[in-house]
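Have a look at the structure below before the remarks.
The values are calculated or read from the model by the stated rules, or taken from the named source; none is laboratory data. Predicted, not measured: the structure shown is a model, and the values here were computed from it. Here the Cβ positions follow ideal geometry from the backbone for every residue, glycine too, while neighbour counts run over all protein chains shown.
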Amino acid sequence: MTPLKLSLVLVGYGNVARRFVQMLDESRLELARLNIDVVIAGVVTRRRGSAFAEDGLDPATLEHSLQPSATLSTPETCTFISDALAHLRRQHFVVPILVETTTLDVQTGEPAISHVRAALGAGADVITANKGPVAIAYRSLVDEAAQDERVFLFEGAVMDGLPVFNLVRETMPAVEVTGFRGVVNSTTNSMLTSMERGESFDAALARMQAAGVAEADPSLDIDGWDAAAKAAALANVWLGAGTTPAGVRREGIDASTGARARDAIARGRRLKLVAHGSGRQADARVAVELQELELDDPLAILDGQANALEIHTRPLGRVVITQRDGGLEKTAYALLSDLITVARRHRVRTRPA
């Protein structure tokens with residue numbers, strides 16, 4: 001059987017994208033076993049320019065092909081995406097795919113939403129690790145993808161590489177998700193664990209920043225925005241909520257939270273920042289808030305950077321999936337997992353009747 005050729009255009013080339021490129025090389029034997037041939041045909045970044053080669057760029061020299069340049073505007077980036085993917089689509093037996101790994105703008109979801117739309121408009125499939133598109137424009141993007149039988153996947157948007165969306169979509173046929181609750185932000189969970197043990201808020205945050213877990217501007221994490229974006233994404237996909245991060249009732253952590261966490265421990269409970277949602281469509285209720293949990297609660301046992309999600313379903317009841325450690329390698333794996341899902345769908349679509 002002829003290998004299925006996947007030609008990728010990467011938008012964004014930060015830590016996650018670089019680790020993804022490395023992972024493609026590390027997974028070459030498994031990809032060959034699956035009869036998949038992957039080439040990186042293009043890369044575009046906001047500040048380091050772009051590169052394109054129909055037959056594929058050399059991953060070993062890809063870094064050097066990108067040099068500091070004038071900042072590309074969103075329309076310029078979208079033009080590159082559209083032109084590159086449309087060119088690839090005209091090639092025989094090639095599946096063009098956008099891999100989107102730009103940073104989150106929690107208010108607008110841009111420029112990631114525009115990147116996704118440009119790719120779908122060019123007839124390409126899309127995988128992204130950015131929460132913005134699914135947290136802010138999920139329904140419209142899914143509808144746009146469906147018009148041309150394109151695939152829009154986003155496993156890396158919530159809980160790194162843990163198969164949250166895949167778990168429901170691929171392994172729970174005919175199951176209805178009625179709600180969810182989870183600890184979905186590694187920075188705040190690690191800080192809460194440290195503050196329970198007496199560390200100050202400032203010291204715990206500085207340690208997270210030094211470890212590269214929290215950004216230099218940590219407000220997305222500590223103000224609850226990251227968790228709100230993930231909650232919105234889960235609610236949009238599973239509950240049909242049509243919400244955005246701004247529509248999620250939100251609480252974060254601050255210097256006063258340490259005393260609350262230690263008080264909870266003294267009373268045999270644990271304080272956690274919990275994202276949760278229930279209800280359907282316009283009646284969906286989604287929030288991120290500090291909650292005191294019983295010690296045997298599956299969310300209460302989480303220490304450090306561990307995350308977990310409890311999915312409420314009919315008829316399976318409550319299903320809990322836990323990730324004991326996160327990080328960019330797991331997010332890169334989510335991209336790889338989505339890439340293989342795209343390949344499998346194309347195999348089914350082109351299979352002779």
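Observations on the structure shown:
- Residue check for Arg181: under 20 Å from the mean Cα position of the chain (by Cα) and of a type in the set (Lys, Arg): yes
- In region 68-111, the residues that are of a type in the set (Lys, Arg) and surrounded by fewer than 14 Cβ atoms within 10 Å (Cβ to Cβ): Arg90
- Residue count for region 85-117, restricted to those that are in contact with a strand residue (DSSP E or B) (Cβ under 8 Å, 6 or more places away or on another chain), within 23 Å of Ser337 (Cα to Cα) and not β-branched (Val, Ile, Thr): 9
- Residue in region 33-40 that is surrounded by 17 or more Cβ atoms within 10 Å (Cβ to Cβ), under 23 Å from Lys330 (Cβ atoms), touching a residue at least 60 places away in the same chain (Cβ under 8 Å) and assigned by TED's automatic domain parsing to the domain that holds His92 present: yes
- Condition check for Thr193: in the same structural domain as Ile311 (by TED's automatic domain parsing), in a helix (DSSP H, G or I), among the β-branched types (Val, Ile, Thr) and crowded, with 21+ Cβ neighbours inside 10 Å: no
- Test: residue in region 60-83 that is free of Cβ contacts under 8 Å to residues at least 40 places away in the same chain and touching a helix residue (DSSP H, G or I) at 6+ places or on another chain (Cβ under 7 Å): no
- Pick from region 292-318, criterion without any contact (Cβ under 8 Å) to a residue 40 or more places away in the chain and over 20 Å from Leu192 (Cβ atoms), ranking: surrounded by the fewest Cβ atoms within 10 Å (Cβ to Cβ): Gly317
- Flag if Val320 is of a type in the set (A, V, I, L, M, F, W, C) and either closer than 17 Å to Val248 by Cα or out of contact with any strand residue (DSSP E or B) (no Cβ under 7 Å at 6 or more places or on another chain) (or both): no
- Selected residue (only one of Thr257, Thr243 is of a type in the set (Ser, Thr, Tyr), touching a helix residue (DSSP H, G or I) at 6+ places or on another chain (Cβ under 8 Å) and over 20 Å from Ala157 (Cβ atoms)): Thr257
- Among the residues of this structure, Gly240 counts as one that is of a type in the set (Gly, Ala, Ser) and on the phi > 0 side of the Ramachandran plot.
- In region 112-142, residue surrounded by the fewest Cβ atoms within 10 Å (Cβ to Cβ) [restricted to those that are closer than 23 Å to Arg18 by Cα and either polar (S, T, N, Q) or free of Cβ contacts under 8 Å to residues at least 40 places away in the same chain (or both)]: Ser114
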